[in-house]
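Report on the structure given below.
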Amino acid sequence: MAAEATPLSAVRFLTVAEVAAIMRVSKMTVYRLVHSGDLEAIRVGRSFRVPESAVNQYLRDAFVEAAG
């Protein structure tokens, strides 16, 4: 872990449903992104939690690629 990394207590984790609502896609689309490795997530029991920063980064990257 890098010294400048954000402490876990400061990370906001989102559910798959919350990510789907933010991105305006289905929950299945979010699961596909997580399973393909395109969207960073952690597993908590049988469910996934996605760091809010990972959603923001994914959307930034997707926007740049679509515009280019």
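Each value in this text was obtained by applying a stated rule to the coordinates, not by laboratory testing. Keep in mind it's a predicted model, so treat the numbers as computed, not measured. Virtual Cβ from ideal backbone geometry, glycine too; neighbours counted across all protein chains shown.
Observations on the structure shown:
- Projecting the Cα atoms of Tyr31, Pro7, Ser53 onto the dipole axis of the chain, where Lys and Arg carry +1 and Asp and Glu carry -1 at the beta carbon, places Tyr31 farthest toward the positive end.
- Taking the square roots of five times each eigenvalue of the Cα gyration tensor of the range 12-67, the equivalent ellipsoid has semi-axes of 18, 11, 11 Å, listed largest first.
- Cα-centre dipole for the chain with unit charges at Cβ (Lys and Arg positive, Asp and Glu negative), debye to 20: 360
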